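The values are calculated or read from the model by the stated rules, or taken from the named source; none is laboratory data. All of these numbers come straight from a predicted model, not from anything done at the bench. When we count neighbours, we look across all protein chains shown, and the Cβ atoms used for this are built from the backbone with ideal geometry, even at glycine.
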Amino acid sequence: MEKVDSLIKEGNTLLNSWSWFNPYKDERAAELFEKAAKICHHNNQNDKAIDLYDKALKCKIPDFEKAQIYEEKANIYSLNSLKIQDMEESYLKAIYYYESCTYFNNNLRIYKKISDYFYNKEIWEKAEKYLDLTSQNETSSITRKSYLEKLFYTQIHMGKYNEAIETSKFISINLESSALRWSLTQILFKAGLCALIEDKIICKRNVEQYKLIDTNYNKRPYELLEKLITVNDVNDFTDIISEYNRTSKFDEIEQLLLLKIKETFTDNDSLL
């Protein structure tokens, strides 16, 4: 790639020149290395692109440019499942340098990138950390709700049922628009199943609260929870679930929670 070689040669020439004649030689050289790196990345030569970004970082450049370069490096690392740690470290360095020049909105954008990456890859521990950070810093009600829901589902996958219950409460009290309340029943129903895994008494108390919070609620999910609270026999449990499922299909998360509840029955069909 002649163009890349030419850009690297020009950058090196600048770095070796007298500063008195080229006071901005480092910034100009870094720009040339970045341009070469982007060409390499476009041509799927990602290792070479990373090397060129590192070369640009060795130049004396402003923090904002460093942040941009680290973000570009992280974007490349995200394409390689073997480079997840490098990706995370590069994104965090980008955040550090954005913060140093008070570009805080860029940090939130990067937190979203990291959150979505780990959530989609089902790397739950990392996803929980960054989804929490994203939801804390997001100002848009719709976007915050989206990341809180992802945090809620992540905690369920991790078996952190009490934390998921708390997150569901936070979702319910932060819905500023009625347009955002359409999925509230689904969230609270799942939170009720989480509570049923942990403690029947807590579940009963929570269901009463859910019915007060969810004023336009679909009664059936809450009625199901109230029935399940009273069940002491695994066969009765199965019958109730089967009957409900004929008209209202359980989604994947609900099935996961129901199986967990079923596991709480002992061999003699008594709930622990």
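Determine the pairs where a residue that is among the basic types (Lys, Arg), located within segment 102-127, has a partner that is surrounded by 15 or more Cβ atoms within 10 Å (Cβ to Cβ) with Cβ atoms under 6 Å apart, the partner being 6 or more residues away or on another chain.
Correct list of pairs: Lys112/Thr134; Lys126/Phe118.
Counting just the residues of segment 4-14 that are surrounded by 18 or more Cβ atoms within 10 Å (Cβ to Cβ) and not β-branched (Val, Ile, Thr), which one comes out modelled with the lowest pLDDT?
Leu14
Of all the residues that make up segment 138-163, how many are over 24 Å from Leu257 (Cα atoms) and more than 13 Å from the chain's Cα centre (by Cα)?
Selection size over segment 138-163: 4.
Could you give every pair whose Cβ atoms fall below 8 Å, whose first residue belongs to segment 233-259 and is exposed (fewer than 11 other Cβ atoms within 10 Å of the Cβ), and whose second residue is not in a helix (DSSP H, G or I), counting only separations of at least 6 or pairs across chains?
Asn235/Asp269
Hey, does segment 41-62 have a residue that's part of a loop (DSSP other than H, G, I, E, B), in contact with an Asp or Glu (Cβ under 8 Å, 6 or more places away or on another chain) and among the aliphatic types (A, V, I, L, M)?
yes
Any residue that is surrounded by fewer than 16 Cβ atoms within 10 Å (Cβ to Cβ), over 28 Å from the mean Cα position of the chain (by Cα) and farther than 25 Å from Asp5 by Cα - is there at least one of those in segment 18-33?
yes
Count, please, the residues in segment 42-85 that happen to be touching a residue at least 40 places away in the same chain (Cβ under 8 Å), surrounded by 20 or more Cβ atoms within 10 Å (Cβ to Cβ) and either in contact with a His (Cβ under 9 Å, 6 or more places away or on another chain) or not charged (D, E, K, R) (or both).
2
Which residue is farthest from the chain's Cα centre (by Cα), if the candidates are limited to segment 164-185 and must be at pLDDT below 85 and not hydrophobic (A, V, I, L, M, F, W, C)?
Here the answer is Ser178.
Do you know which of the residues in segment 187-221 that are among the β-branched types (Val, Ile, Thr) and over 26 Å from the mean Cα position of the chain (by Cα) is nearest to Ser172 (Cα to Cα)?
My answer is Ile213.
Is it the case that some residue within segment 189-198 is surrounded by 15 or more Cβ atoms within 10 Å (Cβ to Cβ) and among the β-branched types (Val, Ile, Thr)?
Scanning segment 189-198, I find at least one residue that is surrounded by 15 or more Cβ atoms within 10 Å (Cβ to Cβ) and among the β-branched types (Val, Ile, Thr), so the answer is yes.
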